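A.B. asks: Sharing a structure here in structure tokens format.
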Amino acid sequence: MAVDYKRELNTLIDLVIEERASDLHFSVGAHPIIRVSGSLIPLLKKPILTDEDMLGFAKALIRKDIYERYEGRKEVDFSFENTESVRFRGNAYYQRGRMAIALRLIPNVIRTFADLNLPPILESFTQRPQGFFLCVGPVGQGKSTTLAAMVNHINQTRSEHIVTIEDPIEYVYTEDKALIDQREVGIDTESFQVALNAAFREDVDVILVGEMRNMETISTAVTAAETGHLVYSTLHTNDAAQTINRIIDTFPGDQQSQIRTQLAGSLIAIFSQRLIPHIAGGLVPAYELLINNSAVANLIRENRVHEINSVIETGLEQGMIDMNRSLLRLVQNGDITVENAFTYSTNPKGLERLM
């Protein structure tokens with residue numbers, strides 16, 4: 001008897017919602033797997049997936065034109081929304097010559113800073129007329145969710161033109177006071193860089209760049225921040241200092257002095273975050289915040305980025321937050337274990353001194 005993959009997919013999506021899972025995985029030779037509070041859990045009551053199953057789920061999930069791209073490239077990003085408006089960001093790929101799919105649940109309600117346990121100071125970075133704000137961290141640490149909260153705060157408080165450039169579109173905004181245009185790479189625009197260049201002619205106030213993948217995109221984003229736009233974006237880096245170095249090192253040696261000067265002048269702040277298992281279940285964020293001031297700008301210009309961690313540690317009165325103090329506060333509040341604090345710290349020796 002033929003399997004109705006759309007119906008089976010909806011059954012699995014209902015299970016994702018019921019179990020409060022963040023991800024759903026399909027791979028040949030394994031049961032479907034969900035991720036709950038950071039841990040992978042196989043759905044043993046569901047059959048082990050075959051090549052035929054993978055093809056059925058892929059065609060139920062992926063638009064025909066994007067599926068053709070997947071066949072050619074062997075991997076593709078996509079978004080999926082079912083009839084109940086449950087939305088996922090997906091990646092279809094091959095492993096050992098066979099199909100596999102990873103889905104990340106995108107909540108349909110955009111949560112506030114308070115809902116997400118984020119520091120209230122982030123609200124101040126939604127009120128700037130221009131500049132460059134970066135949310136950084138490894139994959140799956142809530143960067144897109146944090147930026148969505150910031151963009152939606154602007155949407156609810158100011159009459160601005162917001163353009164998002166994403167691959168794929170994740171959170172879908174309901175327009176309030178703002179005009180919001182959401183552009184998906186590969187569907188609405190050729191690339192991040194092409195869409196960014198076009199934004200200069202679209203009377204835009206706020207630009208969200210889903211990810212800065214190359215030198216051209218970074219250069220255009222920084223220029224946009226210099227020329228009267230508020231620009232938000234993400235990078236897969238561990239902390240503020242590494243983020244600045246990554247941006248500068250993307251450019252050839254003869255252009256690095258210029259990008260340092262541009263970054264020193266346009267950067268607003270860098271927010272680095274990690275999602276850590278909460279003792280009572282679920283996840284809670286720990287974070288680092290670098291705010292650009294005259295001292296930080298000088299360090300960037302003079303290529304003394306290695307001194308930035310010290311500036312963060314001594315900049316508490318200006319609103320800066322260092323990761324170890326954030327972890328320590330979570331331990332003291334009974335939110336996370338001491339073991340997890342050390343696991344997620346980028347400077348365990350420094351955390352040990354604070355303990």
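A.B. asks: What is the sum of charges around LEU61, taking Lys and Arg as +1, Asp and Glu as -1, for the other residues whose C-beta is under 13 Å from the C-beta of LEU61?
C.D. replies: Summing Lys/Arg as +1 and Asp/Glu as -1 gives +3.
A.B. asks: Relative contact order (percent) for the stretch 5-106, with alpha-carbon contacts under 8 angstrom and 6 or more residues of separation?
C.D. replies: The value is 25 percent.
A.B. asks: Per DSSP H run of n ≥ 4, the term is -39500 (n - 2.57); total these for the chain, divide by its residue number, and report the mean residue ellipticity at 222 nm rounded to 500 deg cm²/dmol.
C.D. replies: -10500 deg cm²/dmol
A.B. asks: Still on this model: Just going by the charge dipole of the stretch 199-347, with Lys and Arg at +1 and Asp and Glu at -1 on Cβ, which of THR346, GLY319, ALA199 is farthest out on the positive end?
C.D. replies: Toward the positive end, the furthest listed residue is THR346.
A.B. asks: Here's something else I'd like to know. Roughly how many Å is it from the Cα centre of the stretch 266-284 to that of the stretch 168-216, as a whole number?
C.D. replies: Cα centres, the stretch 266-284 to the stretch 168-216: 24 Å.
A.B. asks: Let me ask something additional. On C-alpha positions alone, give me the angle between the axis of helix 51-61 and the longest principal axis of the chain, in degrees, nearest 10.
C.D. replies: Its long axis makes an angle of about 60 degrees.
A.B. asks: Go through the stretch 114-128 residue by residue and turn each phi into a ³J(HN,Hα) via Karplus (6.51, -1.76, 1.60, θ = phi - 60°); whole Hz please, and just put x for glycine and proline.
C.D. replies: 5, 4, 8, 6, 9, x, x, 4, 4, 4, 5, 7, 8, 9, 6
A.B. asks: Helix 215-226: angle to the longest alpha-carbon principal axis of the chain, degrees 0 to 90, nearest 10?
C.D. replies: 50 degrees
A.B. asks: Please report the relative contact order for the chain, taking Cα pairs under 8 Å with a sequence separation of at least 6, and give it as a percent rounded to a whole number.
C.D. replies: 13 percent
A.B. asks: For helix 256-266, what angle does its Cα long axis make with the longest principal axis of the chain, in degrees from 0 to 90 and rounded to 10?
C.D. replies: Approximately 90 degrees, to the nearest 10.
We did not get these values from a lab; they are worked out from the coordinates using the rules stated. Just so we're clear, the structure is a prediction, and the values are computed from it rather than from any experiment. All Cβ positions, glycine included, derive from the backbone under ideal geometry; neighbour counts span all protein chains shown.
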